[in-house]
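> Pasting a structure below so you can have a look.
The values are calculated or read from the model by the stated rules, or taken from the named source; none is laboratory data. This structure is a prediction, so every number in the text was calculated from the model and none was measured. Quick reminder, even Gly has a Cβ in these numbers, built from the backbone with ideal geometry, and neighbours come from all protein chains shown. Heavy atoms of the whole protein, side chains included, go into the accessibility calculation; ligands, DNA and RNA do not. Shrake-Rupley method; radii C 1.70, N 1.55, O 1.52, S 1.80 Å.
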Amino acid sequence: MTQPHGFFITLEGIDGAGKSTQARALGAWAESEGREVVLTREPGGSAGAEEIRRLLVEGAPDRWSGETETLLFTAARRDHLERVITPALAAGKVVISDRFADSTRVYQGAARGELRGFVDALHSLAIGREPDLTLILDMDPEVALARGLARASGEDRFEEEGLAFQQKLRAGFLALAEANPARCRLIDAGRPAEAITADVITAVREHMR
Ligand code: TYD
């Protein structure tokens, strides 16, 4: 039996858009189709990257400069890619990551001053890989923010920055979807979870052959 090709899917969107619920549902579906699945997340996803995650999600919002923050996210991503994503894809698995490089483009690049050039240069130098398919879960930030803060996880450094920030992020993700139509699919996430999952699976079916 020939080994299936690895397939790399990322879920993106503003805080509280329901990405992790959809990642789990998608993983269960892919397994039911007979695929081996690696469910992972950023920042984090490997032992080293999870350590870096703590530096990023805890503490005051102004703890790092935009540049330093971008370097930390990229260092975490490089470790995640080397230790988890690349080996799993080489073994023919479906990798589903809750966030990846588009989050850095939007959070650090678009929302925090004019860092996009820095973000893009660092990405090509240190990462140099795009997902096969990116599902952007789009929803009203007011609803998403209410959900996100309600979780009170102690990891609220980004979520504390408020509605205007989330609105900027939403616009950033919409712009990315428009600029990368071959790789990105926009999903309306302001609906019941089952309806979102149905769209997520349809998009993956169309791309994963
Ligand atoms: P995450 O754990 O996905 O939070 P949530 O489940 O609330 O969406 O990510 C933590 C925070 O880190 C989130 O606010 C988004 C932010 N982030 C960046 O700013 N840049 C990045 O490159 C990544 C991966 C995440």
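> If only one of L133, L125 is open to solvent by less than 50 Å² (accessible area, probe 1.4 Å), more than 9 Å from the ligand (Cβ to nearest atom) and either more than 16 Å from the chain's Cα centre (by Cα) or modelled with pLDDT of 95 or more (or both), which one is it? Spell out the reasoning first.
Working: L125 fails: open to solvent by less than 50 Å² (accessible area, probe 1.4 Å).
On inspection, the qualifying residue turns out to be L133.
> Consider A47 against the criteria (1) more than 20 Å from G172 (Cα to Cα); (2) surrounded by fewer than 20 Cβ atoms within 10 Å (Cβ to Cβ); (3) touching a Gly at 6+ places or on another chain (Cβ under 8 Å): it satisfies all of them except one. Which criterion is unmet?
(3)
> Same structure again: Among the residues of the range 106-116, is any over 12 Å from the mean Cα position of the chain (by Cα), open to solvent by 10 Å² or more (accessible area, probe 1.4 Å), more than 25 Å from A144 (Cβ to Cβ) and away from the ligand (no atom under 15 Å from the Cβ)?
yes
> Just to check your reading of the model, which residue among A88, A76, A101 is more than 15 Å from the ligand (Cβ to nearest atom), open to solvent by less than 20 Å² (accessible area, probe 1.4 Å) and aliphatic (A, V, I, L, M)?
A88
> I'd like the full set of residues that are away from the ligand (no atom under 13 Å from the Cβ) and assigned to a loop (DSSP other than H, G, I, E, B), limited to the range 1-19.
Correct list: M1, T2, Q3, P4, H5, G6.
> Of the residues that make up the range 20-32, is at least one more than 13 Å from the ligand (Cβ to nearest atom), open to solvent by 20 Å² or more (accessible area, probe 1.4 Å) and touching a Lys or Arg at 6+ places or on another chain (Cβ under 8 Å)?
No, every residue in the range 20-32 fails to be more than 13 Å from the ligand (Cβ to nearest atom), open to solvent by 20 Å² or more (accessible area, probe 1.4 Å) and touching a Lys or Arg at 6+ places or on another chain (Cβ under 8 Å).
> With respect to the numbered conditions (1) in a helix (DSSP H, G or I); (2) away from the ligand (no atom under 12 Å from the Cβ), which one is the sole condition not fulfilled by R35?
Of the numbered conditions (1) in a helix (DSSP H, G or I); (2) away from the ligand (no atom under 12 Å from the Cβ), the odd one out for R35 is (1).
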